[in-house]
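This report refers to the structure that appears directly beneath it.
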Amino acid sequence: MPDIEIPCVQCKEVFLFTEKEQEVFYQRNMMPPQRCAKCRSKKAAMRADAPTRFEIVCDNCGKHDTVPFQPKVGRSIMCKECHQANRSKVRFA
């Protein structure tokens, strides 16, 4: 199965439905996606049962981001990228 280019039904941008994704969808007996990843995440965030996200400013780089938990006062908070970089440093130290 080659990669397939699919136009998003919401934003009309063309996105790539990779061979690996097609395999997963086929194994789970799912229809191919109609929306790009960005539009899918927006749609999921609008659901009534979607988890609450909290806006933060990364203590490491100053970037604005959201996290799925209520940040605690006095504890440092990092964006996703800084958190992953910090975790990889700790693992290999």
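The values are calculated or read from the model by the stated rules, or taken from the named source; none is laboratory data. Computed from a predicted model, the values in this text were never measured in an experiment. Quick reminder, even Gly has a Cβ in these numbers, built from the backbone with ideal geometry, and neighbours come from all protein chains shown.
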request  = Scan the range 7-53 residue by residue and report those that are part of a loop (DSSP other than H, G, I, E, B) and among the β-branched types (Val, Ile, Thr).
outcome  = Val9, Thr18, Thr52
note = For the range 35-49, pairs from a residue that is closer than 13 Å to Cys8 by Cα to a residue that is basic (Lys, Arg) and modelled with pLDDT under 90, with Cβ under 9 Å and 6 or more apart or across chains, are Arg35/Lys42; Arg35/Lys43
request  = Give just the number: which of (1) surrounded by 10 or more Cβ atoms within 10 Å (Cβ to Cβ); (2) without any contact (Cβ under 8 Å) to a residue 12 or more places away in the chain does Lys80 not satisfy?
outcome  = (2)
request  = Give the residues of the range 41-63 that are exposed (fewer than 11 other Cβ atoms within 10 Å of the Cβ) and in contact with a strand residue (DSSP E or B) (Cβ under 6 Å, 6 or more places away or on another chain), sorted by residue number.
outcome  = Glu55
task = Report yes if Lys63 is among the charged types (D, E, K, R) and closer than 30 Å to Pro7 by Cα, otherwise no.
result = no
message = If Cys61 satisfies all but one of (1) of a type in the set (A, V, I, L, M, F, W, C); (2) touching a helix residue (DSSP H, G or I) at 6+ places or on another chain (Cβ under 8 Å); (3) assigned to a helix (DSSP H, G or I), what's the number of the condition it fails?
response = (3)
request  = Please find, within the range 64-93, the residue that is nearest to Lys42 (Cα to Cα) out of those that are of a type in the set (Lys, Arg) and part of a loop (DSSP other than H, G, I, E, B).
outcome  = Lys72
